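These notes concern the structure reproduced below.
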Amino acid sequence: MIKFFLMVNKQGQTRLSRYYEHVEINKRTMLEAEVIKNCLSRSKDECSFIEYKDFKLVYRQYAALFIVVGIDQTENEMAVYELIHNFVEVLDKYFSRVSELDVSFSGSEIHCY
């Protein structure tokens, strides 16, 4: 099961977030900071799957954007990895080459809590 979906830039700023389980706002901020730090600190040679607390992180980088999905232990990492790619392809079609600015300016439409 997917627990959360984040889109962040290289500076670690969250551009999109969606939680599928209730998480208090102050805990979201701490969780996002830790998750982003873990993903951004990894080299391109390292695996895109991270064991983190009681769940796994699956992430992909596209230009200046990182997409991070938190999943439970029963979820298939490769399926989520491909889901991320499909999501980016849809955004590319919609925005004709998606960028961080597209996500920022469309925040009211796609920024979910």
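The values are calculated or read from the model by the stated rules, or taken from the named source; none is laboratory data. Because the structure is a prediction, the values reported are computed rather than measured. Glycine also receives a Cβ, built like all others from the backbone with ideal geometry; neighbour counts cover every protein chain displayed. Quick note on the areas: whole protein, heavy atoms, side chains included, nothing else; ligands and nucleic acids left out. Shrake-Rupley method; radii C 1.70, N 1.55, O 1.52, S 1.80 Å.
Segment 11-97 holds no strands (runs of 3 or more DSSP E) entirely within its bounds that carry 3 or more residues that are more than 23 Å from Met1 (Cβ to Cβ) and at pLDDT 95 or above. Please enumerate the residues belonging to segment 1-32 that are open to solvent by 90 Å² or more (accessible area, probe 1.4 Å) and touching an Asp or Glu at 6+ places or on another chain (Cβ under 8 Å). Correct list: Met1 only. Considering only residues in segment 1-33 that are small (Gly, Ala, Ser) and in contact (Cβ under 8 Å) with a residue 24 or more places away in the chain, the one that is nearest to Val58 (Cα to Cα) turns out to be Ser17.
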